[in-house]
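Bear in mind that the values in this text are calculations on the coordinates, not laboratory data. Just so you know, these numbers come straight off a predicted model, no measurement behind them. Quick reminder, even Gly has a Cβ in these numbers, built from the backbone with ideal geometry, and neighbours come from all protein chains shown.
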Amino acid sequence: MHNNVELEIRAELAQHLNRLWRYGLILSGNSDTAEELVQATCVRALERTHQFAAGSRLDRWLISILHSVWLNELRARRIRQGQGLVDAEIALVFEGADAIEMTVMARQALKEVQSLPQASRETLFLVFVKGLTYREAAETLDVPIGTVMSRLAAARARLVKLSAEPASTF
């Protein structure tokens, strides 16, 4: 039975790499670190195929692993929260999106999101980008559901305040 699960994971892993990388970029703010997180996630997933519940969503399991790897990395490096913000233009043009015209509003929005504390960025990503429910996000982040709700409310308030301020020039 474990062989079938392992084969299924190996077959589907490649289709989740871009999403894992984007989440790694959101967490770390660094493309090289995001790549390392994805590699570590793939290794851990393949080593622990027996822990995957057949019939459940592979993408959520992989994101949970990546989040765990990141937390372990944070603990190991003792990185201060809020370091390493990613440049908005780089983040918007990865994946061959060079042909897409970037608007000032899109760049400003990304900068505003990147200025949030890391915990808020993680929560926003899981709920609004990945589409997880508050409960699923809480389980992924290993925090109470009230913490997810609180982080989202604080992030919304901060983003509203930032968007009301005069736009900076690029």
Near-label residues of region 125-158 by backbone N, under 18 Å of a point 7 Å along Cα→Cβ of residue 44: 126, 137-143
Only counting other Cβ atoms within 10 Å, I'd like 140, 133 sorted with the fewest neighbours first. 133, 140
Which whole-number percent gives the relative contact order of region 1-79, counting Cα pairs below 8 Å spaced six or more residues apart? 34 percent
Over every pair of different alpha-carbon atoms in region 1-79, take the mean of 1/r and invert it; report that Kirkwood radius in Å. 12.7 Å
What distance in nm separates the simple spin-label points at residue 17 and residue 4, each placed 7 Å from Cα in the Cβ direction? 2.8 nm
Cβ neighbours within 10 Å, averaged per peptide: list 56-67, 7-18, 23-34 in order, most packed at the top. 23-34, 56-67, 7-18
